Amino acid sequence: MDEPWHVPAPVSGDTTWTKLAELVASDDLLLHGSRTPGLSELTPRAPLDFSHDEFSKRTAIFATEDPTWAIAYAIRSAACPQFLNACFYPLRSSGQRMQRRIFLSYGKNDDGTAPLGAGAVYALARDHFLRMPSHTDPVLGPIAECQWVSTETVPVVAEVLVTPKNLPMTPRFHDLATVSAREGKNPEGFPWVGDSGSLQ
């Protein structure tokens, strides 16, 4: 399989992405991507999560310091059959944006189209959130994920509307049946997407 991890590059010309990056630059705010615009507060919800760690399965509000990851969640349509994704720092400590690695692959719709649409990214006060502890992933080794959670209702500080055009990287699109079969054979083989399972 080809190297799946994307190294974030500086984004120019997209004022929406730049605005989100500026919101988190002070370390006071985090971002949450949602398909639902117009919310004044966010409440904890139980995620649909198949990862190995219990932290990602808790009923909570999930947020990140990475604008691209937040946009990726916001533009995922309700019809998207599967969303494989990760955003992390190699080794056990967080760092600068250019040290992050990100992976995005959306399951294709039945008709082969991309399951994407418009959404919103919400800025939330970081002091409501707890960062996911660093851990050792069975495939990646020691990592620090760009994931934070809050188990309490959190007011929205700012809202930024986004569309697929605001995503500053080309995501993958995969066939659900192909990836599910690979996952069944190798549960720890994330992301399971090879050339035959990708439109790239």
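Over the range 87-178, Cα pairs under 8 Å with separation of 6+ residues give a relative contact order of 39 percent. Only lysine pairs 8 or more places apart or on separate chains count here, and in the chain those with Cα atoms under 29 Å apart total 5. Length available on full extension from residue 180 to residue 118: 0.36 nm per residue minus the Cα-Cα distance, which gives 19.6 nm. Using a Förster radius of 25 Å, what is the FRET efficiency between residue 135 and residue 25 based on their Cβ-Cβ separation? Nearest 0.05, please. Approximately 0.40, to the nearest 0.05. Each Cα pair under 8 Å and six or more residues apart adds its separation to the average, and for the range 63-107 the resulting relative contact order is 41 percent.
Using Cα pairs closer than 8 Å and at least 6 residues apart in sequence, work out the relative contact order for the chain, in percent. Reported relative contact order: 27 percent. When semi-axes √(5λ) of the Cα gyration tensor in Å is computed from the coordinates, the matching label among [x] 32, 21, 13; [y] 36, 24, 15; [z] 25, 20, 17 is [z].
Compute the FRET efficiency between residue 188 and residue 109 as 1/(1 + (r/R0)^6), taking r as their Cβ-Cβ distance and R0 = 25 Å, and round to the nearest 0.05. The formula returns an efficiency of 0.35 here.
A short reminder: the numbers here are calculations on the coordinates, not readings from a lab. Here the structure is a predicted model, which is why all the values come from computation and not from measurement. Every residue, glycine among them, receives a Cβ derived from its backbone with ideal geometry; neighbour counts consider all protein chains shown.
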